[in-house]
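Inspection log for the structure reproduced underneath, given as structure tokens.
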Amino acid sequence: MPTAREIRLKSRPSGFPARDNFEFASVELGDPGPGEVQVRNLWMSVDPYMRGRMNDAKSYIPSFELGKVMEGGAVGEVVASNAEGLKAGDLVSSMLGWRDLYNAPAAGVRKLDAVAGLPPQAFLGVAGMPGLTAYAGLTRIAGLKDGDIVFVSGAAGAVGSLACQIAKAKGHEVIGSAGGPEKVAFLKEIGCDGAIDYQAEPDLTAALAKAAPRGIDVYFDNVGGPHLEAALAVARPFGRFALCGSISTYNPDRPSPGVRNLMFAVGKQLRLQGFIIFSHWDLMPEFLAALSGWVAEGKVTWRETVVEGLDKAPDAFLGLFKGENLGKMLVRLG
Ligand code: NDP
């Protein structure tokens, strides 16, 4: 009987999570039952939103349960099938990450769409949830229109690096912000007109005003906190903010200080709109069609930071909050 290894939530973190919050377990799997497949995961995703799921708090997605295997995006290969339409060797995506092997009903997995030039793990990054988040945030939430000057925070990460490149592909002036010289060099490489190393800037508002002397029209917020304040200060009238995430506020064990200059939203008649990508999955076909064109034209590229093996999955996850990734953080299991 095959044995699966899985990672469970052992305890809920207070403040910055640690390896101790996770535990490893082995479970014996039988053969797949009627209508089920057995899948060996090749790749799993770690994502910042999982930090919220470690808390015992009501949110848009259920909390991870203590003592139970965690969940998240994964790409794997069917190794045995007892389901119509799926056969051994098929590549599938699922939300059954944080484990190396599983049995699941066929409805719990999705055969991978083929997009020319993209490897399977791209469906956890550039061609998956993070890529779609960048696309939906810019096009549907911010309502990107000709002439907009775009500011993206967390710009060297999975979502941010796509947001920068999509805005560039659509002909916009783009300013990105990320931590450290290596990431700033990457932002220039992917075409950003301005690149801010926020860790080296004592005054982020001054740095943004310098990088965007005419102001900004669209802010794609991945970070919150001082980045949001800087964007409010530098926004032009009728600017639109896509509030995608607020990673600077995920770990502190007490509420972060409020945004001190929100009044700018009134005077400048700004629109700030939060969004959760699950509500915008209908855009996936449109996004994948646009993406394959941009990739073929060389307008969009992607980076991965790959951590090897299930044992290292908690470290990969923790690394997201220490800026250890350039592009999409992935764990290779296969
Ligand atoms: P990233 O690939 O961007 O990885 C996280 C990055 O965040 C790190 O590399 C680090 O980059 C940066 N970071 C970590 N801590 C801080 C901090 N205290 N201040 C500033 N930057 C920090 O992750 P994703 O692309 O997957 O996610 C980006 C954002 O989008 C997150 O806020 C996430 O929650 C959100 N998101 C929202 C979705 C939605 O549906 N609304 C869907 C998917 C993601 P650096 O070295 O530059 O600091």
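Key figures for this structure:
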read-out: Relative frequency of Cα-Cα separations exceeding 19 Å in the stretch 257-334, percent; value: 67
read-out: Mean Cβ count within 10 Å, highest first, over the residues of peptides 172-178, 35-41, 268-274; value: 172-178, 35-41, 268-274
read-out: Trypsin sites (Lys or Arg not before Pro) within the stretch 82-170, DSSP loop, no more than 15 other Cβ atoms inside 10 Å; value: Lys87, Lys145
read-out: Cα point-scatterer Debye curve for the stretch 20-178, base-10 log of I(q)/I(0) at q = 0.09 Å⁻¹; value: -0.39
read-out: Over 26 Å [Cα-Cα, the chain], rounded percent; value: 49
read-out: Stretchable slack from Arg214 to Leu66, in nm (0.36 nm times residue separation minus alpha-carbon distance); value: 48.3 nm
read-out: Subset of Lys68/Lys322; Lys188/Lys322; Lys188/Lys299; Lys68/Lys111; Lys145/Lys210; Lys145/Lys188 violating a 18 Å alpha-carbon distance limit; value: Lys68/Lys322; Lys188/Lys322; Lys68/Lys111; Lys145/Lys210; Lys145/Lys188
read-out: nm² value of the averaged projected area, convex hull over the Cα atoms of the stretch 172-274; value: 6.7
read-out: Computed [θ] at 222 nm, deg cm²/dmol, the chain (DSSP H ≥ 4; -39,500 (n - 2.57); rounded to nearest 500); value: -6500 deg cm²/dmol
read-out: Cα-only Debye scattering, the stretch 51-145: base-10 log of I(q)/I(0) at q = 0.10, 0.25 Å⁻¹; value: -0.37, -1.25
read-out: For the stretch 325-334, Karplus couplings with θ = phi - 60° (6.51, -1.76, 1.60), whole Hz, Gly/Pro x; value: 9, 10, x, 7, 7, 9, 10, 8, 10, x
read-out: GluC sites (Glu not before Pro) restricted to DSSP loop in the stretch 226-323 with at most 11 other C-beta within 10 Å; value: Glu297
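Each reported figure results from applying straightforward, stated rules to the coordinates on display, with no laboratory input. Note that the structure is predicted; figures quoted are calculated from it, not measured. Counting neighbours? That spans all protein chains shown, and the Cβs are built from the backbone with ideal geometry, glycine included.
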